[in-house]
Amino acid sequence: MSAIVKEVENRAISKGAVAESITIQSEYISERSILRVIAYGNVSLDIGTINGKEIDDDEARVLACELFGINTGIHRVFDTKNYYVFACEINKKKLFLRSHRQAVLVLDRYGKVRLSIENGLIYNGSPEEVGKNFFSYLKKYSDGTKSHDLAPQVHILDGTRIIDYSGLTSPEQLIKAIRDELLKAAKNEITIIIKI
């Protein structure tokens, strides 16, 4: 699968997409036994060097505060030159119940929202460490008490691209795709974001 992902990414770049803006989405269509991989991104005129202004850490934090709708409790999760990844814990009270969520926001270096998840789980670190934590979570996710037929929605951020695995519905397909991606991870640090 990683060869297909790389081929689709290279095609998007050859058509004019900026490498840092590429998002890759994969989907398995079981009726036809087809794996569909889609890459989309911005062309350089959209976010590029002519009109685009790169934002700094402070501007990214202010933008994240505006998008989350809060002023405190926001922390930066992943430090890379291409993306700003923020998370914040949001506690809401409804009647007698309290809900606890961790919102996740990924901005590119131009301040455009690349990923926004209302309630997510983040694993960050070396590919080995992230893989260990992710597969441990997946084991708990699919055990007898919390049985799920569908795989969770997962995104991998490796510093230059965001890979969207939310189209993979089978846990087995997701495990294989994540293992392949972790094995070929060129960066020392990656982030996996899971929608809960």
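The numbers here are math on the coordinates, done by the rules we state, and not lab data. For clarity, every value in this text was computed on a predicted model and none was experimentally measured. Here the Cβ is made from the backbone with ideal geometry for all residues, glycine too, and neighbour counts use every protein chain on show.
The mean sequence separation of alpha-carbon pairs under 8 Å and at least six residues apart, normalised by the residue count of region 57-117, gives a relative contact order of 25 percent. In a reduced charge model with +1 at each Lys and Arg Cβ and -1 at each Asp and Glu Cβ, the chain shows a dipole moment near 520 debye about its Cα centre. If you take all other residues with their beta carbon under 10 Å from the beta carbon of I38, and give Lys and Arg +1 and Asp and Glu -1, the sum is -1. Straight-line cross-link reach from K81 at under 23 Å between alpha-carbon atoms covers these lysines, not counting any fewer than eight positions away in the same chain: K6, K53, K112, K184, K187. Each peptide in 108-116, 149-157 was scored by the mean count of other Cβ atoms within 10 Å over its residues; highest first, the order is 149-157, 108-116.
Among 90-102, 10-22, the peptide with the highest mean count of other Cβ atoms within 10 Å heads the list, and the full ranking is 10-22, 90-102. For K140, the lysines whose Cα falls under 21 Å of its own Cα, not counting residues fewer than eight places away in the same chain, are K132, K176, K195. Diffusion coefficient (Stokes-Einstein, Kirkwood radius over C-alpha pairs, 37 °C, 0.692 mPa s) for the chain: 184 µm²/s, rounded to a whole number.
Cross-link partners for K15 among the aspartates and glutamates, with Cα-Cα distance under 19 Å and sequence neighbours closer than 8 places in the same chain left out: E7, D46. The relative contact order of the chain comes to 21 percent, based on Cα pairs under 8 Å that sit 6 or more residues apart. Relative to the Cα centre, the charge distribution of region 57-117, modelled as +1 at Lys and Arg Cβ and -1 at Asp and Glu Cβ, gives a dipole magnitude of about 400 debye.
Taking only DSSP H segments of four or more residues, each worth -39500 (n - 2.57), what value at 222 nm results for the chain once the sum is divided by all its residues, to the nearest 500 deg cm²/dmol? When only DSSP H runs of four or more count, the value is -9000 deg cm²/dmol.
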